[in-house]
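Everything on this sheet refers to the single structure shown next.
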Protein chains: 2
Amino acid sequence: MNTQDKAAIASFKAQWLLAAVNRRGAPLSVEEQRSSFDEFFHIVPIADGCVVQEIRSEGPAGETIVPRGATPSRALLYFHGGGFFFGSLQSHRHLVSRLAVAAGVTAVSIDYRLAPEHPFPAALDDAVAAYRWLLTQGFPPGGIVLAGDSAGGNLAAATVLRIRDEGLPKPGGLYLISPWLDLTLSGESYEVRASQDPILTQETMREVAQLYLGQIDGQYPYASPAYGDLSGFPSIMIQVGADEVLLSESIVFARKAALHGVGVRLHVWPEMIHAWPLFHSALPQGIRAIAEAGLWIREALSLEP
Amino acid sequence: MNTQDKAAIASFKAQWLLAAVNRRGAPLSVEEQRSSFDEFFHIVPIADGCVVQEIRSEGPAGETIVPRGATPSRALLYFHGGGFFFGSLQSHRHLVSRLAVAAGVTAVSIDYRLAPEHPFPAALDDAVAAYRWLLTQGFPPGGIVLAGDSAGGNLAAATVLRIRDEGLPKPGGLYLISPWLDLTLSGESYEVRASQDPILTQETMREVAQLYLGQIDGQYPYASPAYGDLSGFPSIMIQVGADEVLLSESIVFARKAALHGVGVRLHVWPEMIHAWPLFHSALPQGIRAIAEAGLWIREALSLEP
């Protein structure tokens, strides 16, 4: 890593902390957190040459993002992050559009229901319904990669569990960015990487998990896929930062899948923080992660590089 | 994976088993195992455009493999596999030459001393000496990637431990193919993947470990880098098969390094067997693994893709 990269990270960390910190001396309301997050990303443009269209009629709440020259019958089914209670189509459109361009396929971004108004399993039900809908739209199951960052990675992974358990046909792959896979927060990285992580703490994550879980046990695999049986999973790619407290659960998940014979690519990026590809406009490593993900998605979809 | 790939794997597995099995009703001698392994790979040609040259004068026992247009001052320092008691420059020349071409750098392949004639730490001493020698030849430490397959991966990883502990300057990266990192054979994959692995068994590996270890405790980190403190390691790439009993130790190693903030790429290849890039002439996945390794080595050496 060169000096310029380091400066960009430092600058970004400062920006994030400024935006995330409570500037009023009292916790932000759920609504305020939602709007401040959307605003934070509002200035980042979507990728060139993409057509964004709301999904209509019988489809799920969400939008399609179609890059120029997108391969037909292939899709990236994307679930945004935000702790299950914030984040939106808007906050993640810039990232999802870049992933769509990098992979050369249509992205379908889902506006799933959020906690605390809609706790578990509302978001997961929406996610599974979105996959079922895609199958009715002429996308072959092997032509679909499920993906998401943070809580969206949880939804993508839990959806694959549900797909398998409900006997639906298997998708082509699962791509996860800094996924939140263990809502019991049992990972040792909560201790070991705590001093490196400028964004997440065990205390905050415990509160956020509670909003989503309600009365559900955090070890329930559909809520915490790290506790799931991962046999029969499609190929998995995980990008996670070495400097984030969610590191361990990615390793646990990779290990479980691999021991079932599943193809796994676990990329631990040095010095990177939670969901850094979201910050591609400031971080060259975000750009590189998106490019690599695009190549992997094409491979998972049996497309030429 | 398509039908052709599957057929190639099945064909290869049969070939390997034929070659590996004892055809005389009694164990092969060490010398017979060495020569049969060399013969098995004798027919595989080295990559086009490489110049192979024995290292002379004060250098280590070994050879340089220089591909056409190799980037100056960059090197892949390679240690062949073979359970510390077989394998040679000759058996691995075809693989090392292809890695050199894929990375576009000179490979330096080391003919370290073998067990049982030369038990631990003879091979490791030779490996560390080779790194020291490269530094005297004008290669900057960050311009060197250490690499190896199986027992050679052990040597590469243990050499990085020694480099750090002896205060030598840090290399640019560590690239491991199906590394044997835990000579105590504690990995759960010895149970979980046993029925998938056509080559290695816990029983055989225990005997082989004993030849190398002699009176040394298998948990000694220089003999089993999975037990080492991996802080300060350079970036690591690991390619391991989902169908080999050595799977777990790669995951353990990746986890330990990541929790120290080290950049790690762990690639678990579905359906692949121990050290499959050695079989690139029969397996398309071997070709692909070599190509990916080449790109990663270039990245670790700060070269353009």
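The values are calculated or read from the model by the stated rules, or taken from the named source; none is laboratory data. These numbers come from a predicted model, not from an experiment. With ideal geometry, Cβ positions are generated from the backbone for all residues, glycine too; neighbour counts draw on all protein chains shown. Ligands, DNA and RNA are stripped out before the accessible areas are found, and what is left, the full protein with its side chains, is counted by its heavy atoms. Shrake-Rupley method; radii C 1.70, N 1.55, O 1.52, S 1.80 Å.
Accessible area per residue for segment A:28-300 is 34 Å², calculated with a 1.4 Å probe on protein heavy atoms, without ligands, DNA or RNA.
The peptide list A:70-82, B:54-66, put in order of mean Cβ contacts within 10 Å with the highest first, becomes A:70-82, B:54-66.
Note on A:Arg56 and B:Val51: the model spin-label points, each 7 Å out from Cα along the C-beta direction, lie 6.8 nm apart.
Values of log10 I(q)/I(0) for segment B:128-173 across q = 0.15, 0.20, 0.30, 0.33 Å⁻¹ run -0.33, -0.58, -1.19, -1.31, by the Debye formula with one identical scatterer at each alpha carbon and no solvent. Between the listed residues A:Gly148, A:Gly49, A:Pro119, the Cα displaced farthest toward the positive end of the dipole of segment A:28-300, a dipole computed from Cβ unit charges relative to the Cα centre, is found at A:Gly49. Near A:Val160: Cβ cut-off under 12 Å, other residues only, Lys/Arg at +1 and Asp/Glu at -1. The net charge is 0. Model label points for A:Lys170 and A:Glu203, set 7 angstrom from Cα along the Cα-to-Cβ axis, are 4.4 nm apart. Rg then Dmax, both in Å and based on the Cα atoms of chain A: 17.7, 53.
Using the Cβ-Cβ distance between B:Glu117 and B:Glu304 with R0 set to 45 Å, the FRET efficiency from 1/(1 + (r/R0)^6) comes to roughly 0.55.
Peptide A:243-249 has a mean shielding of 1, counted as Cβ atoms of other protein chains within 10 Å of each residue's Cβ. Taking the Kirkwood radius as Rh and the Cα radius of gyration as Rg, segment A:34-103 has a ratio of Rg/Rh equal to 0.97.
Please name which of B:Ile287, A:Ala258, A:Tyr212 has its Cα lying farthest along the dipole of the protein assembly as shown towards the positive end, using unit charges on Cβ (Lys, Arg +1; Asp, Glu -1) and the Cα centre as origin. Of the options given, the answer is B:Ile287.
Residues of segment A:28-42 falling in the label zone of A:Gln90, defined by backbone nitrogen less than 14 Å from a point 7 Å along Cα to beta-carbon, are A:31-42. Spatially, segment B:228-305 and segment A:164-195 are offset by 21 Å when compared through their Cα centroids. What you get for segment B:113-175, charging only the Cβ of Lys and Arg (+1) and of Asp and Glu (-1), is a dipole of about 200 debye around the Cα centre. Quantify, in whole percent, the carbon and sulfur part of the accessible surface of the protein assembly as shown (1.4 Å probe; protein heavy atoms only). Roughly 53 percent, rounded to a whole number.
Between A:Ala194 and A:Gln219, the FRET efficiency from the beta-carbon distance, with R0 = 22 Å, is close to 0.45. Look at the alpha carbon pairs under 8 Å that are at least 6 residues apart: their mean separation over the length of chain A gives a relative contact order of 18 percent. Peptide A:182-194 shows a mean partner chain C-beta count of 1 within 10 Å per residue C-beta. Whole angstrom only: what separates the Cα centroid of segment B:124-155 from the Cα centroid of segment B:47-123? Computed from Cα coordinates, the inter-centre distance equals 10 Å. For peptide A:198-205, the mean count of partner chain Cβ atoms within 10 Å of a residue's Cβ comes to 0.
This model, with +1 at the C-beta of Lys and Arg and -1 at the C-beta of Asp and Glu, gives segment B:189-305 a dipole about its Cα centre of some 260 debye. Computed packing ranks the peptides A:92-104, A:108-120 as A:92-104, A:108-120, most packed first, by mean other Cβ atoms within 10 Å. Under the convention that each Lys and Arg Cβ holds +1 and each Asp and Glu Cβ holds -1, the size of the dipole of chain B around its Cα centre is about 600 debye. One decimal place: the segment B:Val30-B:Asp125 gains 32.0 nm when fully extended, by the rule 0.36 nm per residue minus the C-alpha distance. Chain A residue nearest the axis that carries A onto B, by Cβ, with distance in whole Å, is A:Leu266, 2.
Rounded to whole numbers, the Karplus 3J(HN,Hα) couplings from phi for segment B:257-271 are 5, 4, 5, 8, x, 7, x, 9, 10, 10, 10, 9, 8, x, 6 Hz, using 6.51 cos²θ - 1.76 cosθ + 1.60 with θ = phi - 60°, and x at Gly and Pro. With a 1.4 angstrom probe, the accessible area lost at the A-B interface totals about 2000 Å². A:Pro284 label point (Cα plus 7 Å toward Cβ) to equivalent points in the other copies: 3.5 nm, shortest first.
Protection proxy ranking for A:211-221, B:228-238, using the average of other Cβ atoms within 10 Å per residue and placing the highest first: B:228-238, A:211-221. Once divided by 2.2 N^0.38 Å, the Cα radius of gyration of the protein assembly as shown becomes 0.98. Computed over the protein assembly as shown, the per-residue total of -39500 (n - 2.57) for DSSP H runs of n ≥ 4 gives a 222 nm mean residue ellipticity of -13000 deg cm²/dmol, rounded to 500.
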